[in-house]
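Structure record follows, encoded as structure tokens.
The values are calculated or read from the model by the stated rules, or taken from the named source; none is laboratory data. Worth saying up front: this structure is predicted, and the values here are computed from it rather than measured. Here the Cβ positions follow ideal geometry from the backbone for every residue, glycine too, while neighbour counts run over all protein chains shown. Surface accessibility is based on the protein's heavy atoms, side chains included, excluding ligands, DNA and RNA. Shrake-Rupley method; radii C 1.70, N 1.55, O 1.52, S 1.80 Å.
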Amino acid sequence: GQSLEQPSEVTAVEGAIVQINCTYQTSGFYGLSWYQQHDGGAPTFLSYNALDGLEETGRFSSFLSRSDSYGYLLLQELQMKDSASYFCAVSLYSYYGGATNKLIFGTGTLLAVQP
Amino acid sequence: EAGVVQSPRYKIIEKKQPVAFWCNPISGHNTLYWYRQNLGQGPELLIRYENEEAVDDSQLPKDRFSAERLKGVDSTLKIQPAELGDSAVYLCASSPPAGDTQYFGPGTRLTVL
């Protein structure tokens, strides 16, 4: 089966740095994505890693270690608007090569940013 | 560019009633997904379409759920009859050809009483 683990909640203060971890157990792992979802809103794509290492997109960075089945999302210079749920999601290999379009989501981490 | 459009945004029905959700994906996106998201959980895939073809419906409860994507654009997800446990947010997403990123709509929040 497939499983992903994330902390259920994280609290941090404005201007700080926070790291949200994700460990996964999947067969046919291809890549790891991160999505943000504000309360009552749509999940929004943040970042994607198919190879080991760090991907940086503005204040957000994502890291992947395939050998450890582990990744994290790093949020810098936290702002109040970053308060949301963050989901890691794995994509799987396609039988025909490359990635399938199927995402398996974790249960999400609720980030609360305090003033 | 318009995003993924879903309607209705909210729906309240009594158990055993039918309900339908509609999704219009981003123009040019050939892949369309329906997800169900329970409170405090991540989205779970129900069905995935490549153009008109349902290529993955392994998680769709086929005894009461059905979906269609006529002409490979808009899609409808139906539940008949609805059960109390179907209360959730139903999300539609789309992705472009050869694209990994999925773009989600705002969802339909279904409450079954």
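Taking the criterion of being within 11 Å of chain B (Cβ to nearest Cβ), surrounded by fewer than 16 Cβ atoms within 10 Å (Cβ to Cβ), of a type outside the set (Asp, Glu) and not in a strand (DSSP E or B), would at least one residue in region A:27-39 satisfy it?
There is at least one residue in region A:27-39 that is within 11 Å of chain B (Cβ to nearest Cβ), surrounded by fewer than 16 Cβ atoms within 10 Å (Cβ to Cβ), of a type outside the set (Asp, Glu) and not in a strand (DSSP E or B).
With the structure loaded, tell me whether A:ALA89 is of a type outside the set (Ser, Thr, Tyr), assigned to a loop (DSSP other than H, G, I, E, B), in contact with a strand residue (DSSP E or B) (Cβ under 6 Å, 6 or more places away or on another chain) and surrounded by 14 or more Cβ atoms within 10 Å (Cβ to Cβ) or whether it fails that test.
Answer is no for this residue.
Just name the residue that is farthest from the other protein chains (Cβ to nearest Cβ) out of those in region B:85-103 that are in a loop (DSSP other than H, G, I, E, B) and in contact with a strand residue (DSSP E or B) (Cβ under 9 Å, 6 or more places away or on another chain).
Here the answer is B:SER87.
Here's a check for you: in region A:1-13, which residue that is over 19 Å from B:GLU44 (Cβ atoms) and over 14 Å from the mean Cα position of the chain (by Cα) is least open to solvent (accessible area, probe 1.4 Å)?
This residue is A:ALA12.
When only residues in region B:15-40 that are surrounded by fewer than 16 Cβ atoms within 10 Å (Cβ to Cβ) and within 13 Å of another protein chain (Cβ to nearest Cβ) count, which is modelled with the highest pLDDT?
Here the residue is B:ASN38.
I'd like the residue in region B:1-14 that is outside any strand (DSSP E or B) and among the hydrophobic types (A, V, I, L, M, F, W, C) and, out of all such residues, is farthest from the other protein chains (Cβ to nearest Cβ).
B:ALA2
Restricting to region B:67-84, count the residues that are part of a strand (DSSP E or B) and not charged (D, E, K, R).
Number of matching residues: 5.
Restricting the first residue to region B:56-76 and requiring it to be over 17 Å from B:VAL5 (Cα atoms), which pairs with a second residue that is modelled with pLDDT under 95 and basic (Lys, Arg) meet a Cβ separation below 7 Å and a spacing of at least six or different chains?
Close Cβ pairs (under 7 Å, with a partner that is modelled with pLDDT under 95 and basic (Lys, Arg)) amount to B:ASP56/A:LYS102; B:ASP56/B:ARG48.
Which of the residues spanning region A:14-26 are among the β-branched types (Val, Ile, Thr), over 13 Å from A:PHE87 (Cα atoms) and open to solvent by less than 70 Å² (accessible area, probe 1.4 Å)?
Within region A:14-26, A:VAL18, A:THR26 qualify.
So, of the residues in region B:43-100 that are among the basic types (Lys, Arg) and open to solvent by 20 Å² or more (accessible area, probe 1.4 Å), which turns out to be farthest from the chain's Cα centre (by Cα)?
B:LYS71
Looking at (1) within 13 Å of chain B (Cβ to nearest Cβ); (2) among the acidic types (Asp, Glu); (3) free of Cβ contacts under 8 Å to residues at least 12 places away in the same chain, which is the one condition that is false for A:GLU56?
Status for A:GLU56: all satisfied but (1).
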